[in-house]
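So the structure is just underneath, and the comments pick up after that.
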Amino acid sequence: MSAIQAPDKEKNKTLAAVMAAVNAYMEEEGRAGRTATPRLRPATAFNLWSVSGREEIMRMRTLWQRRMA
């Protein structure tokens, strides 16, 4: 019986070693993923014409307010 069980014990030891190595690798990958810096989103593009138009409207309103007061 010991001759039959010996290959099974070696197989179990090998399987346990492989499983331990895989688990260690997965844990290391998980740690590396958690410590990585988050990706920054690119700045949203905006229309400069609309911004300058709003600024011009506000400038004109302040001029009118100064004339009224």
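Derivation of every value follows stated rules applied to the coordinates shown; laboratory data play no part. Source: prediction; values computed, not measured. Neighbour counts are summed over all protein chains in view; Cβ atoms, including those assigned to glycine, are modelled from backbone coordinates with ideal geometry.
For the reader, a short list of remarks on this structure follows.
- Sorting 15, 40 by the number of Cβ atoms found within 10 Å of their own Cβ, with the fewest placed first, yields 40, 15.
- The phi-based Karplus calculation (6.51 cos²θ - 1.76 cosθ + 1.60; θ = phi - 60°) puts the 3J(HN,Hα) values of the stretch 9-24 at 5, 5, 5, 5, 5, 5, 4, 5, 5, 5, 4, 5, 5, 5, 4, 5 Hz, whole numbers, x for Gly and Pro.
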